[in-house]
Ligand SMILES: Cc1cc2nc3c(=O)[nH]c(=O)nc-3n(C[C@H](O)[C@H](O)[C@H](O)COP(=O)(O)OP(=O)(O)OC[C@H]3O[C@@H](n4cnc5c(N)ncnc54)[C@H](O)[C@@H]3O)c2cc1C
């Protein structure tokens, strides 16, 4: 398994140019590489370009590298946002060959070899000799975009902090609510989507209501909360195979999650969710806190590339690339990570890391004058995992599957290895001890801004017509 970029960059600390002021990248060559996206794909590409005769510019609309697999822990108050989203500029501070730019990419001109962007309202144009696009995917509401106001997705730090405020705010509202029916709706949480994110969110909401909030309230008993997990298919964690999926179902139900399989969410408003069961029967659940963990769609930059370059897009808008991850007809442009469609590879961190690294190695070889044809990406599947609750996770490595405490310990070690920076690993370990061995949740702040926005949304209502059934 690979170590992470921060550690690799750490070794550069004794380079003589480490104190030079940052006035553009100071690589040894003139070949300009622009990388769009500082997620796993982009960051691992930067790392693989170390020592190559190139100038690298890494551009992202955020100022951080986000460890998305732990977003659910920020959303439920276990970890702080800084622990999973270190500033990219700081992660790469010892890489004088790399310039970090915080800007939103708005256009790519394949013929002119430029990327246009907007940095705090100011237009920017960057010329490239090689381009890596690692812009990822975004939440999809399958055409029901109005659901977004009621059920945030979990894709960014903003999403996680919004959900955290809504979840802890729901208990605060319930504490002062005199009407038992309304109180119950504050204490009902609906998670939509039975993939890893949905299962992890549902499990953590149960744990916080049953354990972490113990003795915190005087008028409500948080352990009476209802957590409903809706999944349209007939099983959760379907990608893990029948045996692990069945095990996860049993574990989730034992934990206290109310599982609705074959249940599609067909409508929602501020106070409720309407669910259609497999037989076509609909039910409206009074629930004020909803989490959307059901779907993703590719970054619009994928369509932009396809329209100019003639590449095909798959069902969710990912760009079909050549076996070496390059754009058909444009060997100097690479699409990697979640935005790339290649051999049915899943949208996973390891795919992003390996494809980002592969594209960078090809670019570095060419910059050194090696004109041999690019090699195809040979993806090595290192498995996948999902946590159910504290001390319980499932993990799949090829045909081997493990669950329970063994799965959870594996989860712990792997996530510690991949978290960026020693300080973050240490503080995550302390927070995990607080939350999993103890009962606490260290990160429960609701800002005044969040509380005011929630009050406005609740006052605004936006309810569905009366339930005929
Ligand atoms: C909640 C959640 C849990 C997950 N859990 C797991 C897990 O347990 N295991 C696993 O293997 N995978 C997991 N994944 C998937 C994994 O995180 C992704 O596969 C991986 O992050 C993809 O990396 P990427 O670099 O392709 O894209 P991303 O990490 O999404 O990075 C894309 C970057 O591009 C930037 N960007 C996008 N558009 C623009 C633009 N126009 N201008 C500038 N910047 C732009 C974004 O700000 C972002 O920083 C999870 C994902 C989520 C959301």
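Computed from label points 7 Å out along Cα-Cβ, the spacing between residue 254 and residue 422 is 3.9 nm. Working note: 222 nm ellipticity from helices only, DSSP H runs with n ≥ 4, each -39,500 (n - 2.57), summed and divided by the residues of the chain, gives -9500 deg cm²/dmol to the nearest 500.
If I take R0 = 41 Å and measure r between the Cβ atoms of residue 368 and residue 243 in this structure, what FRET efficiency does the formula 1/(1 + (r/R0)^6) give, to the nearest 0.05? Efficiency for this residue pair is about 0.30. State whether region 288-361 is rounded, prolate or oblate according to the following rule on the C-alpha gyration tensor (a ≥ b ≥ c being the square roots of its eigenvalues): a/c under 1.5 gives rounded; otherwise a/b larger than b/c gives prolate, and the remaining case gives oblate. Since a/c reaches 1.5 but b/c is at least a/b, the shape of region 288-361 is classed as oblate.
I need the peptides 118-130, 413-425 ranked by packing, meaning the mean over residues of other C-beta atoms within 10 angstrom, with the highest value on top. The partial results should precede the final answer.
Working: 118-130: 13.9, 413-425: 17.1.
Per-residue mean Cβ counts within 10 Å order the peptides as 413-425, 118-130.
Rounded to the nearest Å, what's the spacing between the alpha carbon centres of region 278-327 and region 387-422? Just the number, please. So the two Cα centres are separated by 27 Å.
Would you mind getting me the FRET efficiency between residue 445 and residue 381? Use the beta-carbon distance for r and R0 = 60 Å, nearest 0.05. Plugging the Cβ-Cβ distance into 1/(1 + (r/R0)^6) gives 0.95.
What ranking do 108-116, 33-41 get when scored by the average of other Cβ atoms within 10 Å per residue, highest first?
Averaged packing, sorted descending, gives the order 33-41, 108-116.
Classify the chain: rounded, prolate or oblate, from the alpha-carbon gyration tensor (a ≥ b ≥ c, eigenvalue square roots; a/c under 1.5 rounded; otherwise prolate if a/b is larger than b/c)?
Since a/c reaches 1.5 and a/b is larger than b/c, the shape of the chain is classed as prolate.
Inter-label distance, residue 307 to residue 149: 2.8 nm, where each label sits 7 Å from its Cα along the C-beta direction.
By the count of neighbouring beta-carbon atoms within 10 Å, fewest first, 32, 315, 439, 288 end up ordered 315, 439, 32, 288. Hey, for a label at residue 118 modelled as a point 7 Å past Cα toward Cβ, could you say which residues of region 276-320 have their backbone N under 16 Å away? So the set is 300-301. In terms of its C-alpha gyration tensor, region 268-412 has an oblate overall shape, because the principal axis ratio a/c (a ≥ b ≥ c, square roots of the eigenvalues) is not below 1.5 and a/b does not outweigh b/c. How far, in degrees from 0 to 90, does helix 242-255 lean away from the longest principal axis of the Cα atoms of the chain, to the nearest 10? The answer is roughly 50 degrees.
The long axis of helix 448-460 is offset from the longest Cα principal axis of the chain by roughly 60 degrees. Stretching residue 282 away from residue 405 to a fully extended chain increases their span by 40.5 nm, per 0.36 nm per residue minus the current alpha-carbon distance.
Estimated from the Cβ-Cβ distance and a Förster radius of 45 angstrom, the FRET efficiency linking residue 332 and residue 219 is about 0.10. When 72, 141 are arranged by Cβ crowding within 10 Å, least crowded first, meaning fewest neighbours, the order is 141, 72. May I ask you to list the residues of region 261-276 whose amide nitrogen lies under 16 Å from a point 7 Å from Cα along the Cα→beta-carbon direction of residue 297? In region 261-276, the label zone of residue 297 (backbone N under 16 Å from the point 7 Å along Cα→Cβ) covers no residue.
Rule-based calculations on the coordinates, nothing more; no lab input. Everything numeric in this text was worked out from a predicted model, so none of it was measured. So basically every Cβ, Gly included, is an ideal-geometry build from the backbone, and we count neighbours across all protein chains shown.
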